[in-house]
Amino acid sequence: MATPAGKPVPVPTRETQPYWEGCRKHELRIQKCVACGHYQFYPRLYCTACMSEQVEWVRASGRGKVLSFTIVYRPVSPAFAADVPYVVALVTLEEGPQMMCNIVGCPPEQVYIGMPVQVTFEDRTEEISIPHFTPV
Amino acid sequence: MESLRGAVAIVGAADTEVGVVPHLSATQLYVKAAKLALEDAGITKDQVDGLITCNSFVEPYLYHAEMIAEYMQIFPRYCLNVATGGGTTLAIMHHAASAIATGICHTVLITMADNMLSGLSRDKAIEVMSTAGHAQFERPYGPPIPAFYALLAQAHMHAYGTTSEQFAAVAVACRKHAALNPAAQMRQPITIEDVLNSKMIAYPLHLLDCSLVSDGGAAIVMTAAERARDFRKKPVYILGVGEGHSHEHISQARSLTTSAAKEAGERAYAMAGVGPQDVDVAELYDCFTPVVIIELEDLGFCPKGEGGRFVEGGRIELGGVLPVNTHGGLMSHCHPGHPGSLFSVTEAVRQLRGECGPRQVDGAEIALVHGQGGIMSTHCTMILAKERS
Ligand SMILES: [Zn+2]
């Protein structure tokens, strides 16, 4: 699926629905294992640390650090051409899991590995909001 | 059976013409490569009882291996289609070797091809490029394939001080070798400055840090070691093989700087009973320059973090301590997609046979071939040798 502008729009599954509902409310949700306390992302049927199926959704702090990043000069598709140069990054959340994102709200050349960042949301369609990160 | 060590041999190996090959369709490249490999082995198609292919982006079939068997009019007892990216080649050779060693079949033909350069429309090419990555958790951020690898490159630079010049040295070495290979797609020598001055694609990767888009096919014939002397050319033996699998999506990787090439390599060395110091020539998966540096470390050719320094000063060029990608690799020989690593295998076979002319590594007895697929996700290392033990 893609927006009229052509950027990909995630299609939630039964498993990922609570995550995307959270994003719609501008809340970053991850899973926490009731049995062992392990946090995980992306969402799964059971805890990857202890295999307990008692995993619950919690709101993450939304804070993290840049694990790595790149500045994209040749966009993946025409839909991203207007954004060039844009930052694709991996962020390690305070709770432990890592996720991909764009770093927004600062010039690309100011991004660095280890940079403290905070989640922010882009309303890509009326139903889907995408989490990004921005410098604290 | 305790080990595949020395149990199986490669008895035929061939490439089609590669680079820009507009006069052959994807399917024709598969069957052309297969025909050339059978000729190289000196056998007819009726002697093949196992067939493995990988699917084509350009002309996919639901049952691709069956399609190629049907096209060639062969009727194998073992028929398998695998497609897991660039690492596929060596992993399917691992499966083929297991099938031969356990008697499922005797003579396996592996053929892989595609025409990503001539066969894809612009729209289709964008579609193929933009379907990499997790549909919900990666693609929304617009990462082109080089960006995934740029994340690894940056992490390595940050952790170990690796430089853009060191990445560039990999591309320079591959091109130097391609200049000696009449079959290679890109043969004009380049310098480190040329790489650094080429267009920035995804920082820190420049255009010349990236592999090519090509047409082409390659094929090999494998059989049991005890039958291998019945074929036309001197066999090349599989001494060791190992795999390592760490993730599918880069955002889920355990580490950005150490890959499952480490496990793959350790398993292959253990089976072969050799170590990195015994390897005369290495054909390493080189979709992007930093990948070679990480592989050199993970495969034990230098300590972790030293890969950047290892590639300096011509050490991975012909005449250096470890010639790497003597055919030119994916960056200069050709990269038609999934088949990439199979050209590394056919090159290793030619090196061990002593057929490489001006790019021959003198006295090459042991070759290491490494393939990786996904985004440093799936790894397979194979150690090939002139002698069975
Ligand atoms: Zn748990």
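Quick note: the coordinates plus some simple rules give every number you see, no bench work behind them. Just so you know, these numbers come straight off a predicted model, no measurement behind them. Quick reminder, even Gly has a Cβ in these numbers, built from the backbone with ideal geometry, and neighbours come from all protein chains shown.
Quick look at the values:
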| item | result |
| --- | --- |
| Span from the the range B:1-61 Cα centroid across to the the range B:302-381 one, whole angstrom | 20 |
| Centre separation in Å (Cα based) which lies between the range A:69-136 and the range B:109-123 | 33 |
| Spherically averaged projected area in nm², based on the convex hull that wraps the Cα atoms of the range B:1-106 | 7.2 |
| Cα gyration tensor shape for the range B:273-389, rounded if a/c is under 1.5, else prolate or oblate | rounded |
| Nearest 10 degrees, 0 to 90: helix B:164-178 Cα axis against chain B principal axis | 30 |
| Residue-by-residue Karplus 3J(HN,Hα) for the range B:285-300, coefficients 6.51, -1.76, 1.60, Hz, glycine and proline x | 4, 10, 4, 9, 4, x, 4, 5, 5, 5, 5, 4, 5, 5, 8, x |
| Ascending count of other beta-carbon atoms within 10 Å, so fewest first, for B:Arg388, A:Arg29 | B:Arg388, A:Arg29 |
| Cleavage-rule hits, GluC sites (Glu not before Pro), the range B:1-74, DSSP coil, Cβ neighbours within 10 Å at most 13 | B:Glu2 |
| Residue with peak Gaussian network fluctuation, chain B [Cα springs, cutoff 10 Å], from B:Leu342, B:Leu330, B:Leu38 | B:Leu38 |
| Cβ-based exposure ranking for B:His134, B:His156, in which fewest neighbours within 10 Å come first | B:His134, B:His156 |
| Contact order normalised by residue count of the range B:175-260, Cα under 8 Å, 6+ apart, percent | 12 |
| Residue of B:Asn81, B:Asn197, B:Asn181 that the Gaussian network model of chain B assigns the largest fluctuation, springs spanning Cα pairs under 10 Å | B:Asn197 |
| Residue among B:Thr378, B:Thr131, B:Thr191 with the largest mean-square fluctuation in a Gaussian network model of chain B, springs linking Cα atoms under 10 Å | B:Thr131 |
| Inter-site label distance for A:Val11 and B:Lys304 at 7 Å from Cα along Cβ, in nm | 4.0 |
| The range B:272-389, relative contact order [Cα under 8 Å, separation at least 6], % | 29 |
| Spin-label model distance (nm) - A:Thr125 vs A:Glu21, 7 Å beyond Cα toward Cβ | 1.9 |
| Inter-label distance, nm, simple model (7 Å from Cα along the C-beta direction), B:Tyr61/B:Glu193 | 5.2 |
| Point-charge dipole on Cβ atoms (K/R +1, D/E -1) for chain B, about Cα centre, debye to 20 | 320 |
| A:Tyr112-B:Asp278 FRET efficiency (beta carbon distance; Förster radius 51 Å; 0.05 resolution) | 0.80 |
| Overall form of the range A:47-136 per C-alpha gyration tensor (a/c, 1.5; a/b vs b/c) | prolate |
| Two-decimal Rg to Rh for the range B:118-252 - Kirkwood Rh, Cα set | 1.05 |
| DSSP beta bridge pairing in chain B, given as percent antiparallel to the nearest 5 | 75 |
| 0 to 90° range, to nearest 10: angle between helix B:340-353 axis and chain B longest Cα axis | 70 |
| Per-pair calculated FRET efficiency, R0 = 41 Å: B:Glu355 and B:Thr102 via Cβ, rounded to 0.05 | 0.85 |
| Percentage, to the nearest whole number, of Cα pairs in the protein assembly as shown over 38 Å apart | 28 |
| Karplus-derived HN-Hα couplings along the range A:59-75 (A = 6.51, B = -1.76, C = 1.60, θ = phi - 60°), whole Hz, x at Gly and Pro | 7, 6, 5, x, 9, x, 10, 5, 7, 6, 7, 9, 10, 8, 9, 10, x |
| Chymotrypsin sites (Phe, Trp or Tyr not before Pro) restricted to the range B:1-80 and DSSP loop, no more than 16 other C-beta within 10 Å | B:Tyr61, B:Tyr63 |
| The protein assembly as shown, helix-only ellipticity at 222 nm - DSSP H runs n ≥ 4, -39,500 (n - 2.57), divided by all residues, nearest 500 | -7500 deg cm²/dmol |
| Order of B:Cys302, B:Cys334, A:Cys106, A:Cys101 under a 10 Å beta carbon neighbour criterion, fewest first | A:Cys106, B:Cys302, A:Cys101, B:Cys334 |
